[in-house]
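Only the coordinates and a few stated rules stand behind these numbers; no lab work does. Here the structure is a predicted model, which means the values were calculated and not measured. Glycine also receives a Cβ, built like all others from the backbone with ideal geometry; neighbour counts cover every protein chain displayed.
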Amino acid sequence: MMNPATPLGKKIRAERKRLNLTLEKLAELTESSKSYIWELENRPVVRPSADKITKIAEVFGVTVEFLLDDKRENSSESDTDKVFFRRFEQLDPEKKAKLKAILDVIDDD
């Protein structure tokens, strides 16, 4: 029997397994139900909301674009950078200053 999973479903399963997350844990981290995550991984027509796909991408440390691009099988270094910069942009000014100080120390090496 053929697996009806979509490319998105296959990526979600692969990334979840790469991070050793159970269906339950991914559901908890994305404020979803276990059955919803299972359906994303296994059903051909489930379309997640933008909010859900964003939460899933954040948990995996990948971009939404990577998850939604059927032609890409692997996340790239530039995807990792985009995720980092999005997280950086959301930090409060005090945390941004701390991170900049850490980078200054690293750059001095």
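In units of the rule-of-thumb radius 2.2 N^0.38 Å, the range 1-75 shows an alpha carbon radius of gyration of 0.98.
Each label point was placed 7 Å from the Cα along the Cα-to-Cβ direction; for T54 and K100 their separation is 2.6 nm. For K100, K52, the sequence from fewest to most other C-beta atoms within 10 Å is K100, K52. Tally Lys/Arg at +1 and Asp/Glu at -1 over every other residue whose Cβ is under 12 Å from the Cβ of V46; what's the total? With Lys, Arg at +1 and Asp, Glu at -1, the neighbours total +1.
Taking 0.36 nm per residue of sequence separation and subtracting the Cα-Cα distance, how much length would be gained by fully extending the chain between N42 and A14, in nm to one decimal?
Working: separation 28, 0.36 × 28 = 10.08 nm, distance 1.21 nm.
My answer for the length gained is 8.9 nm.
Quick one: order E28, E15 by neighbouring beta-carbon count within 10 Å, fewest to most. Numbers along the way, then the final one.
On the way: E28 15, E15 20.
Arranged by neighbour count, lowest to highest, E28, E15 become E28, E15.
Ordering L29, G61, L19 by the projection of their Cα atoms onto the charge dipole of the range 1-75, which places +1 on the Cβ of Lys and Arg and -1 on the Cβ of Asp and Glu, puts L19 at the extreme positive end.
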